[in-house]
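Peer 1: One structure, pasted below without further comment.
The values are calculated or read from the model by the stated rules, or taken from the named source; none is laboratory data. Fair warning: this is a prediction, and the values are worked out from it, not measured in the lab. Methodologically, a virtual Cβ is constructed for each residue, glycine included, from the backbone with ideal geometry; neighbour enumeration extends over all protein chains shown. Keep in mind that these areas ignore ligands, DNA and RNA; they rest on the heavy atoms of the full protein, side chains included. Shrake-Rupley method; radii C 1.70, N 1.55, O 1.52, S 1.80 Å.
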Amino acid sequence: MKWNVSGRKCLRHGGTEGPVRGGWKPCSGAAAATVTAALMVLLCFALSIGGANTALGAETGAEIEVETGAETGAETGAKTGTRVIQYQDLRELLKAGNPGLKEKIDDYNNNVQTYQDMRDAFKWEQWDMESKAEDMKDSDAAASSLYASNAAMLKSSARNMYKQIDKMTGEKNTRSLEKEADSLTMAAQALMNSYNQMAVNARAKAKSAEAALASCEAVKARYSIGSATLAAVQAAEQRLTNARNAAASMEEQAAQLKADLLLLLGMEPGAQVEIGAVPAPDLAAVAAIDVEADRNKALGNNSSVLSARHAKAVGTAAQNRREKQVNQAEGEAEADLNSLYQTVVEKRTAYEGAAASWESAQMIYNSLQNKQSAGMLTNTEYLEGEASYLEKQAAWESASMALRQAYENYRWEVMGVSEARQ
């Protein structure tokens, strides 16, 4: 870890000095009594917050680097100037904006920084006293000894603080915050995936409603000249109502999912932002899944399994109970992983079928456009054909996103983040 210590204020005199020997250049003029008094203040400060900060460090884990700029994790649309939320940026956006996670990260970073500031101050005093001890070595042996003794004490304290910082920022203590970031990222991915599925299907349903309107008007026109029955008009009106209701329902659901996602990211639900597309599934990664190897990883990361394995058990009866609990937890974890893998297999099959169907729909649509250009179709026929094409496209895109989500869920389970789904 690199700490930027340049340009901080001297705690004793309020001045600003540049660092030397990796720390602070001593500021001028202080008698031995003043030095000793300042040292006592620093030591009391360290003792008063040390216990609380140590506890906080143990609870919250280790430092998480977060960028909090307005454009963090997002891109701006080149044409509209609208901010776009991208799938790959969700984790950083959560760190920067989710209120609960951001507060914990800020508390942790402030905690680490407090220790670093104390260490900087102690090192400054150490070097200041070492310098004075050297300067008074020949003229005042007693004062030189006092400075040297206090410098050694401060050096020891600074070393202990460095060890505490190293402990706080180690992998073990970062795990808590990273796990929470994982869980929130999984939830955000699911929301973004669901929003996109609803959005693409809402567009397809809107086109179906447009086609239904054209059909309804055509039937009414025939009815007006006696070539269609009233029952046909009523049926066309019902189809139009159903199509409009379906489109409106999906649009409403998409809007709600978008609001939920923005709220999770710490943004206003009505913020003027666009939700980016969900990346296509990595078919090579899906095909390369090794369930047996992943099962061992999942058991090693599953919180229930780990809790059962590490539970204290004194005596034969307790040990037998623990063994049963371990077996049960492992069995449940394996069943969850197998179920998620089976879902991946099913979604891949559905994706392949939807892809084939859409490929066929593209060929039909190309023919439809050619006929439309040649004046061989009525407006109603063309709109109905276009709506059918868009529905097949939406089905393929939905299958693509469903496979992506199934694979993400499987990988999260392997990593031990399944709690996010509950």
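Peer 1: For the stretch 273-422, what does the relative contact order come out to in percent, with C-alpha contacts under 8 Å and a separation of six or more?
Peer 2: 40 percent
Peer 1: Given a Förster distance of 60 Å, report the FRET efficiency between Thr378 and Asp107 from their Cβ-Cβ distance, rounded to the nearest 0.05.
Peer 2: Computed FRET efficiency for Thr378 and Asp107 comes out at 0.35.
Peer 1: Shifting gears a bit: Using a 1.4 Å probe on the protein heavy atoms, what percent of the accessible area of the stretch 78-152 belongs to carbon and sulfur?
Peer 2: 47 percent
Peer 1: May I pose another question? Applying 1/(1 + (r/R0)^6) with R0 = 56 Å to the Cβ-Cβ distance of Glu332 and Asp140, what FRET efficiency is obtained, to the nearest 0.05?
Peer 2: For Glu332 and Asp140, the calculated efficiency is 0.15.
Peer 1: May I ask for the distance between the Cα centers of the stretch 179-213 and the stretch 84-106, given as a whole number of Å?
Peer 2: Taking the Cα centre of each part, the stretch 179-213 and the stretch 84-106 sit 20 Å apart.
Peer 1: Less than 28 Å apart at the alpha-carbon level, and either on another chain or at least 8 residues along: which lysines does that give for Lys179?
Peer 2: Lys2, Lys95, Lys102, Lys104, Lys163, Lys167, Lys258, Lys297, Lys312, Lys324, Lys347
Peer 1: If you find the alpha carbon centre of the stretch 109-148 and of the stretch 276-347, how far apart are they in angstrom?
Peer 2: What the calculation gives is 53 Å, centre to centre.
Peer 1: So, for the stretch 153-222, what is the accessible surface per residue at a probe of 1.4 Å, expressed in square angstrom?
Peer 2: Accessible area per residue: 47 Å².
Peer 1: Write down the accessible area per residue of the stretch 294-347 in Å², having rolled a 1.4 Å probe over the full set of protein chains.
Peer 2: Dividing the accessible area of the stretch 294-347 by its residue count gives 64 Å².
Peer 1: Once you put a point 7 Å from the Cα of Ser149 and another 7 Å from the Cα of Ala271, both along the Cβ direction, what distance in nm separates them?
Peer 2: Taking the simple label geometry, Ser149 and Ala271 are separated by 5.9 nm.
Peer 1: Could you please report the charge total around Arg244, scoring K, R as +1 and D, E as -1 over all other residues with beta-carbon less than 11 angstrom from its beta-carbon?
Peer 2: -1
Peer 1: Please find the FRET efficiency linking Lys312 to Gln362, where r is the Cβ-Cβ separation and R0 is fixed at 56 Å, and quote it to the nearest 0.05.
Peer 2: Here the calculated transfer efficiency is 0.35.
Peer 1: Okay, moving on. Could you please state how large a percent of the accessible area of the stretch 210-309 is carbon and sulfur, counting protein chains only and using a 1.4 Å probe?
Peer 2: 52 percent
Peer 1: Now a separate question. Would you please give the residues with an amide H less than 5 Å from that of Ile275, counting only those at least 5 places away or on a separate chain, with H modeled from the backbone geometry?
Peer 2: For Ile275, the qualifying residues are Ile85.
Peer 1: Accessible area, 1.4 Å probe, largest first: how do Ser131, Ser373, Ser149 sort?
Peer 2: Ser373, Ser149, Ser131
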